[in-house]
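A short write-up of the structure that comes next.
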Amino acid sequence: MAVCKPIFIKGKFWGYATALYKEKRLFKPTFNKLDKLGYNYRLSKTFITGGGYQPLSSNLPEKSQSEITFRLGGCSWKMEAARKDAGQMPQEVKSGIFSGIVTVIVNTILAALLLNYLERGRRLSRLLDTDYLTGM
């Protein structure tokens, strides 16, 4: 990245000051922090010659959740970010749903067994109280 600024001394043009900086070193700490926090990112910029945004560094596979644009060195820059697990159900939620379904199934089976046991007890009680010869 090159930044060129005119220098004036006592209101009179003296010359230009130019600063060159490697973009990867400038943004690398930000990329490392985003990666540690669980975010994917894409850094894009427009060139002075025109055209749309050209990606410079990216590990973002699809559309971002948020983006910010800024101007630096005569170019427009765009930083996009999205959570790595965006659109996916967290493991805790999956295990909670699974254990809830298993609990419902087990309770249903136990309730059916209990009702069947109670019904058999009633039938046995009726059979014990009824005389086979007289039917009373």
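The values are calculated or read from the model by the stated rules, or taken from the named source; none is laboratory data. Quick caveat, the model's predicted, so the values are computed rather than measured. Quick reminder, even Gly has a Cβ in these numbers, built from the backbone with ideal geometry, and neighbours come from all protein chains shown.
The residues on offer are THR130, THR134, THR108, THR103, and the sole one that is exposed (fewer than 10 other Cβ atoms within 10 Å of the Cβ) and either outside the structural domain of ASP35 (by TED's automatic domain parsing) or among the aliphatic types (A, V, I, L, M) (or both) is THR134.
The single residue among GLU80, GLU62 that is at pLDDT 85 or above, more than 28 Å from THR18 (Cβ to Cβ) and either touching a Phe, Trp or Tyr at 6+ places or on another chain (Cβ under 9 Å) or part of a loop (DSSP other than H, G, I, E, B) (or both) turns out to be GLU80. Identify the residue in region 65-74 that is more than 22 Å from the chain's Cα centre (by Cα) and hydrophobic (A, V, I, L, M, F, W, C) and, among all such residues, is modelled with the lowest pLDDT. Out of the qualifying residues, it is LEU72. If the condition is being of a type outside the set (Asp, Glu) and either in contact with an Asp or Glu (Cβ under 6 Å, 6 or more places away or on another chain) or not in a helix (DSSP H, G or I) (or both), then region 85-133 contributes ALA86, GLY87, GLN88, MET89, PRO90, THR130, TYR132, LEU133.
Taking region 83-100 as the range and being at pLDDT 85 or above, surrounded by 10 or more Cβ atoms within 10 Å (Cβ to Cβ) and closer than 24 Å to LEU37 by Cα as the test, the residues that pass are VAL93, LYS94, SER95. Residue count for region 39-73, restricted to those that are touching a residue at least 40 places away in the same chain (Cβ under 8 Å) and either closer than 30 Å to LYS5 by Cβ or touching an Asp or Glu at 6+ places or on another chain (Cβ under 7 Å) (or both): 3.
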